[in-house]
Amino acid sequence: MESGAKPIDRRSRQISDQPSASDVKRPHLPSVDAVLRDEATAKIVERFGRARTVEAVRQVIGAAREDRCSLSIDEAIKGVASILKETNVSLLKTVFNLTGTVLHTNLGRAQLAEEAIDAAVKAMRHAVALEFDLGGGKRGERDDVVRELLCQLTGAEDATIVNNNAAAVLIGLNTLAAGRGAIVSRGELIEIGGAFRMPDIMERAGTKLVEVGTTNRTHLRDYANAINPETGIILKVHTSNYRVEGFTKAVPASELAELAKQNDIPLLDDLGSGTLVDLSIYGLPREPTVADAITAGVDLVTFSGDKLLGGPQAGFIVGRKDLIAKINQNPMKRALRIDKIRLAAIEATLRLYLNPDTLAERLPTLRALSRPVEEIENLAIRLAPEIRKMLGDAFQIEVIQCASQVGSGAVPLETMPSAGITIRPDNPTSGREVDALSLAFRALPMPVIGRIADQAFILDMRCLENDSAFLSNLKSFQSGGKYST
Ligand SMILES: *Cc1c(COP(=O)(O)O)cnc(C)c1O
């Protein structure tokens, strides 16, 4: 017997289809059993499982009882199907990133190249020679898949890969300087966000932070004076999300490398985003390349896979063979290693770098970053009237020039000229209209994420490639979607 189902309800439903006087107080409700016995319910059970279906049936009947509404079996089944479909929607929704920040950490950073996606899908579907030497038939190393490519692209002797750049810094410090001092400039004690603060990472790596210099100026002699027998490592950190301006001094990698060499102490350079190519050839602001750091004599360079490189989340460590070997022997390596899916995607992404001429076309990150502003503007001009049509008259809709940024801490202060569409409520009264508008765009079947500035909702068109999908998505505004003024 299903609890909560009153026999009297079932009886009354069977006896008469006409509401009697007492029905005004006691609505017609089917029993849980009756709904579950229905043929249409069987299909729902098959798809969602019995337990979830029973729970949804109870929920629907319970809600009707609370509202004192009658409910037919068909109506109950419809309600059950809609509840279960809703709860079955993935919470990791794909969205349109129209924020103007190309590598948005909260929106998953880089979108992968088709080549990388194909490779990842293959690796998901099949067994792969991940740690298997096909020539010798023996065990191999998973990093072998990309080691040579990384060395070729960076000029480094050796390379290894871990879960992300934070992990790369962690394992680098722990391997080379656990129980010893790590010298770092006060101007480079960064917080990246998401709880990545250099002093905290150092502590977890078991190293002692040795701060040198001041916030704005650090000299070579500051590093030199701090070196003692306890020193385990010198750390250089790319100040990727801020810039100290004015009376400043930082020591270039080449000078630090010399000092490190003289004292036989390894120098690790955390480049953050890093890049494998000189972005200025694509008309973008220059960001330090990994090869530059290697050429400067840095012993180990760490950088991210899903920032400017345009691949999946990963952390790369490239540099001296003996140091990389030590890192690979650290038991942390196993805890921080990456899986076959990402490894496949990384390999395919790195291969694209072998042909710099087609890179900007095939790598979505670089394609978005180097997109001509005229093209973005034309897109905005084409879409603005369509958006006006969808939203109705209560808004001023304009094409504007705006500025996009790279994001994820790469070239933090430089922006790229872009174009977008601003949507402004015609007669703002409550002051909450723009928030409501932004919420409505986020509630679309494929949420559209823009930004709010100057009491307007702004959609930067730089990252929009599929405009027909964008427009058909907006149609749910017209079909009485979730938007109302
Ligand atoms: C982004 C960044 C990190 C963290 O890299 P993840 O790949 O996000 O773990 C570390 N250091 C610097 C300088 C960074 O810019």
(request) Could you name every one of the strands (runs of 3 or more DSSP E) located completely within the stretch 146-239 that has at least 2 residues being away from the ligand (no atom under 16 Å from the Cβ)? (result) 181-185, 208-212, 231-237
(request) Starting from residues that are of a type in the set (K, R) and in contact with a strand residue (DSSP E or B) (Cβ under 9 Å, 6 or more places away or on another chain), keep the ones in the stretch 160-205 and report whichever is nearest to L271 (Cα to Cα). (result) R197
(message) Can you tell me how many residues within the stretch 254-276 are modelled with pLDDT of 95 or more, touching a strand residue (DSSP E or B) at 6+ places or on another chain (Cβ under 9 Å) and part of a loop (DSSP other than H, G, I, E, B)?
(response) 4
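Here is a yes/no grid of residues against (1) farther than 16 Å from L112 by Cβ; (2) in a strand (DSSP E or B); (3) not assigned by TED's automatic domain parsing to the domain that holds S304:
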position	(1), (2), (3)
A325	yes, no, no
K333	yes, no, no
A344	no, no, no
L354	yes, no, no
D357	yes, no, no
E374	yes, no, yes
L379	yes, no, yes
P385	yes, no, yes
Q401	yes, yes, yes
(message) Based on this model, can you work out whether G274 counts as closer than 30 Å to C151 by Cβ and more than 32 Å from the chain's Cα centre (by Cα)?
(response) no
(message) Condition first: within 27 Å of the chain's Cα centre (by Cα) and farther than 25 Å from D292 by Cβ. Now tell me which residues in the stretch 128-144 satisfy that.
(response) V128, L130, R142, D144
(message) Can you tell me how many residues within the stretch 63-82 are touching a residue at least 12 places away in the same chain (Cβ under 8 Å), among the small types (G, A, S) and over 15 Å from H28 (Cβ atoms)?
(response) 1
(message) Can you pull out every residue in the stretch 403-428 that is on the phi > 0 side of the Ramachandran plot and outside any loop (DSSP other than H, G, I, E, B)?
(response) G407
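The values are calculated or read from the model by the stated rules, or taken from the named source; none is laboratory data. Not measured: the values here are computed from a predicted model. Note that each Cβ is placed from the backbone with ideal geometry, even for glycine, and that neighbours are counted across all protein chains shown.
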